[in-house]
Amino acid sequence: MQNFIDAYSWVNLRFLLEGLWVTIYVSAISVVLSFIIGSILGLIRYVKIKYLSMIVGFIIDLIRNLPLLLIIFFMYFGLPSTFGIRLNTVTAAIVALTVFESAMLAEIIRSGIQSIGVGQMEAARSNGLTYLQAMWYIILPQAFRNMVPPIVSQFVSLVKDSSLATIILLPELMYHSQIIYGQNTNYMIPMFVALAFLYFVICFLLSRLSKRLARRLH
Amino acid sequence: MISILTAHWSELVEGMKYTIGSSLIALIGSLILGIIFAMFVISPNRWLRIIGSVYVEIFRNIPLLVVAMFFYIVMPRFVPGLDGFKAGTIGLTIYTSAFIAETFRAGIESVAVGQMEAARSNGMTYLQAMKYIILPQATKIVIPPLGNQFVNLVKNSSVLAFLAGFDLMYQGNLIASTTFKTTDTYLAVGLLYLVMTMPLSYLMRYLEKRWSRLPTV
């Protein structure tokens, strides 16, 4: 018990919260970027532009089937050695997370749009809407409703996955906790409890939010 | 990239063995755990339901790395002989089982309630109805997402690299740090991961398409 009290000293807690802030900050930027890029890629894959959609689809499949850890390594160690592009840890983490999650989101968005029956498009077109109007007013709003839960759970994965960036020494929550228990091994268990708690709170709140959002949209 | 593949083939294959081994063990373990906890979540007993939901919610909302590190760093104090591979595989199993439980729950609940009622009113017990009526129907719905979970497992097993688990990612890092050909090494490692994951994920997409066209029972 004494270990817990010592481990949660003000200095340690502040250090953990600083890590939490980096986790949130990196995740938030990656969420926004990957949502934008993922939507564009998903749409390109859906509308079937000759060659382009095929190539985009193939790249999406490649990235989806690779471990995120590999992409992080590649961005941080691979880019400088071959292309001379040296990213700092925060940028490398954001780029890696964005690349990976964009591919995941693109797939969710494509299958979400595809789940809306062809009849909807035909009905809209025969009522005189153009393709883009039908897409914007009829298909996308319906598809978006179906997409909200998987998109948010992908965001939850993103927050969790950001912990992998410890390996390139991104000063996020996991890394900061490792520093603390590295100084005193008695702090291991309290630190893991704190880690589990903090990640759980963020992710659980996010998934609750998505449930509420989904209910409101229906 | 080719030179890395040929020069370090034996290490890379060794790494793939560990990756596949860990993924398979974790798949079997998490299937068993996942089915048990899915049954808990949907069971008529209130306490079992609470235990099941708490388990699923906790492990779905904590990063795999935290779970695996816990088994690697904290658990060896209480359980001797827990090396990186074992700790990582246990972590993977527990983490994945929460997702599998959720997949099974959704699959079982997607079979209409009427099916259970009909089976029960025909004189079957709860367990009989589950075994003969609900689970066979749920299996078809559940298989594609389960396959995708397995693809995730193979990818997620790369956390073993954090724990000195000798998997493909770990071997790749060793090669990268000794040869300094980082890009080539990571491309080679990526290619080997794709060899393991791509066929499976295309198969699952095919099954999903095929079974979704069948009339639902």
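Each value in this text was obtained by applying a stated rule to the coordinates, not by laboratory testing. The shown structure was predicted, so the numbers you read here are calculated from the model rather than taken from an experiment. Because the Cβ atoms are built from the backbone with ideal geometry, glycine has one as well, and the counts that use them run over all protein chains shown.
Based on the Kirkwood radius over alpha-carbon pairs, what value in µm²/s does the Stokes-Einstein equation return for the translational diffusion coefficient of region B:2-213 at 20 °C and 1.002 mPa s?
Stokes-Einstein gives a translational diffusion coefficient of 113 µm²/s.
Convert each backbone phi in region B:154-160 into a coupling constant with the Karplus relation 6.51 cos²θ - 1.76 cosθ + 1.60 (shift: θ = phi - 60°), then list the ³J(HN,Hα) values in order as whole Hz, x for Gly and Pro.
Karplus values, whole Hz, x for Gly and Pro: 4, 5, 5, 4, 5, 5, 4.
What does the helix-only formula give at 222 nm for chain A: each DSSP H stretch with n ≥ 4 adding -39500 (n - 2.57), the total divided by the residues, and the result rounded to the nearest 500 deg cm²/dmol? Could you put the intermediate results ahead of the total?
On the way: 10 runs with 166 residues, N = 218.
Rounded to the nearest 500, it is -25500 deg cm²/dmol.
What nm value, rounded to one decimal, do you get for the distance between B:VAL13 and A:SER126 when each label is placed 7 Å out toward the C-beta?
6.1
Just to check I understand the Karplus step: with θ = phi - 60° and J = 6.51 cos²θ - 1.76 cosθ + 1.60, what whole-Hz values come out for region B:193-200, glycine and proline as x?
4, 4, 4, 7, 8, 4, x, 5
If you take every residue apart from A:ALA143 with its C-beta less than 14 Å away from the C-beta of A:ALA143, what net charge results, scoring Lys and Arg +1 and Asp and Glu -1? All intermediate terms of the calculation are to be shown ahead of the outcome.
Working: positive: A:ARG45, A:ARG110, A:ARG145; negative: A:GLU107.
Cβ neighbours under 14 Å give a net charge of +2.
Please give, to one decimal in nm, the separation of the simple spin-label points placed at A:PHE197 and B:SER121, each 7 Å out from Cα toward the Cβ.
5.1
Please work out whether region A:2-217 counts as rounded, prolate or oblate from its C-alpha gyration tensor, where a ≥ b ≥ c are the square roots of the eigenvalues and a/c under 1.5 means rounded, while otherwise a/b larger than b/c means prolate and anything else oblate?
oblate
Expressed as a whole number of Å, what is the distance separating the alpha-carbon centroids of region B:46-93 and region B:161-201?
Between the Cα centres of region B:161-201 and region B:46-93 lies a distance of 25 Å.
How large is ³J(HN,Hα), in whole Hz, for each residue of region B:76-88 in order, when computed from phi with the Karplus curve 6.51 cos²θ - 1.76 cosθ + 1.60 and θ = phi - 60°, using x for Gly and Pro?
For region B:76-88, the Karplus curve yields x, 5, 9, 10, x, x, 9, 8, x, 5, 5, 4, x Hz.
Name the most mobile residue of B:SER53, B:SER121, B:SER30, meaning the one with the largest mean-square fluctuation, in a Gaussian network model of chain B with Cα contacts below 10 Å.
It is B:SER121.
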